[in-house]
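**Student:** Have a look at this one before I ask anything.
The values are calculated or read from the model by the stated rules, or taken from the named source; none is laboratory data. All values reported here derive from a predicted model rather than from experimental measurement. Virtual Cβ from ideal backbone geometry, glycine too; neighbours counted across all protein chains shown.
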Amino acid sequence: MAGKKITFEQREHYLFVSSESADTDFASVVEVTVKINERVGESPTPYALLDFRKVRFKLPKANAFDLIRIYESRMANYKSATMAVIVNSEDLEIAELWKEVSQKRGFRFMTFTDLGEGEKWLLRQKGI
């Protein structure tokens, strides 16, 4: 996908991930998921803050379920990670569905539209 950009920054208490893709389809989401899985595995902490406020997800709701299946079958690092995912308000509906399904399957993910709230939640999970 043209214009796709993802950055990683290891901060003191968590891995910070930022993406600036304009429009994201399912194949692009899977591609980014693989990169995040690799970096979470390399990180000294299992906590991650994902800033996807500049991403516009163009996905049907069924893709939320498909993505969880991929986590379960191919993304071992996601099982031990705790992630706060920040999305724009236009994508909150699919993000909330993804979060609910993820949590039911044993993943520790939470969604937010405010970066500060997401970071506070993540640090509380770590006991800070």
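**Student:** Any residue in segment 21-42 that is over 12 Å from the mean Cα position of the chain (by Cα), of a type in the set (Phe, Trp, Tyr) and at pLDDT below 95?
**Tutor:** The answer is yes; a qualifying residue exists.
**Student:** Since TYR78 meets every condition but one in (1) buried (at least 19 other Cβ atoms within 10 Å of the Cβ); (2) touching a residue at least 40 places away in the same chain (Cβ under 8 Å); (3) closer than 18 Å to SER21 by Cα, which condition does it not meet?
**Tutor:** The one condition TYR78 does not meet is (3).
**Student:** If you don't mind, another one. From (1) surrounded by fewer than 17 Cβ atoms within 10 Å (Cβ to Cβ); (2) at pLDDT below 90; (3) under 15 Å from the mean Cα position of the chain (by Cα), pick out the condition that doesn't hold for ASP114.
**Tutor:** All conditions pass for ASP114, except number (2).
**Student:** Identify, by number, the condition in (1) modelled with pLDDT of 95 or more; (2) under 20 Å from PHE26 (Cβ atoms); (3) surrounded by fewer than 16 Cβ atoms within 10 Å (Cβ to Cβ); (4) of a type in the set (A, V, I, L, M, F, W, C) that VAL85 doesn't meet.
**Tutor:** Condition not satisfied by VAL85: (3).
**Student:** Restricting to segment 92-121, name every residue that is closer than 17 Å to ALA81 by Cβ, of a type in the set (A, V, I, L, M, F, W, C) and either assigned to a helix (DSSP H, G or I) or touching a Ser or Thr at 6+ places or on another chain (Cβ under 7 Å) (or both).
**Tutor:** ALA95, TRP98, VAL101, PHE109, TRP121 - these are the residues of segment 92-121 that are closer than 17 Å to ALA81 by Cβ, of a type in the set (A, V, I, L, M, F, W, C) and either assigned to a helix (DSSP H, G or I) or touching a Ser or Thr at 6+ places or on another chain (Cβ under 7 Å) (or both).
**Student:** Could you tell me how many of the residues in segment 49-69 are part of a helix (DSSP H, G or I), surrounded by fewer than 16 Cβ atoms within 10 Å (Cβ to Cβ) and touching a residue at least 12 places away in the same chain (Cβ under 8 Å)?
**Tutor:** Final tally of qualifying residues: 2.
**Student:** Only one residue in SER21, SER28 is surrounded by 20 or more Cβ atoms within 10 Å (Cβ to Cβ) and farther than 19 Å from ARG108 by Cβ. Which one?
**Tutor:** Among SER21, SER28, only SER21 is surrounded by 20 or more Cβ atoms within 10 Å (Cβ to Cβ) and farther than 19 Å from ARG108 by Cβ.
**Student:** Go over the candidates ARG39, ARG56, ARG69, ARG108 one by one and state the one that is charged (D, E, K, R) and over 18 Å from VAL17 (Cα atoms).
**Tutor:** ARG69
**Student:** Next question. Only one residue in ARG56, ARG69, ARG108, ARG74 is among the charged types (D, E, K, R) and farther than 25 Å from GLU9 by Cβ. Which one?
**Tutor:** Being among the charged types (D, E, K, R) and farther than 25 Å from GLU9 by Cβ holds for just one of ARG56, ARG69, ARG108, ARG74, which is ARG69.
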